[in-house]
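Worksheet for the structure shown next.
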Amino acid sequence: MKKLFLLLLTAFLFIGCSSDDDTIYDYVGTWSGSYEGADKGVWNFVVDESGKVVGTMHSDVNNENYSITGNLSETGDLNARVGLPSQGDFKGTLTTEKKGNGNWSNSLPTPAVSGSWKGEKK
């Protein structure tokens, strides 16, 4: 009976401890990369333990910096805004393999500009 109990306990421990589960801690840290499209430049942001994202985008074309603020889900879905002096979106996906990509857009200044971005965790 003791052996059966230990066998069942061991089986439940293996079932309950899956290493495939994504957590926000897989993404915490500094990420950086480049963006291109109607504008081009570099970006970087930091993901904290709560999933909050804060960083900057630097335009090589306009020589301006734009703030990036938003949130990251436990599955790596990024939903951020590009702030002053522009107004737009910075959305995409981060992976547990330390890679990320997505799309960006700015509605100000007119005409609106958009493109893609890619990067990695440092």
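What to note about this one:
- Principal axis extents of the C-alpha atoms in the range 33-72 (largest first, rounded to whole Å): 33, 15, 12.
- For Thr69, the shell of other residues with beta-carbons less than 15 Å away shows a net charge of +1, using +1 for Lys and Arg and -1 for Asp and Glu.
- All other residues whose Cβ lies under 10 angstrom from that of Lys121 are scored, Lys and Arg at +1 and Asp and Glu at -1, for a net of 0.
- Where Ser59, Ser32, Ser107 fall by accessible area, highest first, once all protein chains stay in place (1.4 Å): Ser107, Ser32, Ser59
- Separation of the Glu97 and Lys40 label points, Cα + 7 Å toward Cβ, nm: 2.5 nm
- Net charge, Glu49 excluded, C-beta distance under 13 Å - Lys, Arg +1, Asp, Glu -1: -2
- Shape analysis of the range 33-114 yields a ratio of the Cα radius of gyration to the Kirkwood radius, Rg/Rh, of 0.96.
The values are calculated or read from the model by the stated rules, or taken from the named source; none is laboratory data. The structure presented is a predicted model; accordingly, all values stated were derived computationally and were not measured. Note: ideal-geometry Cβ built from the backbone for every residue, glycine included; neighbour counts use all protein chains shown. Keep in mind that these areas ignore ligands, DNA and RNA; they rest on the heavy atoms of the full protein, side chains included. Shrake-Rupley method; radii C 1.70, N 1.55, O 1.52, S 1.80 Å.
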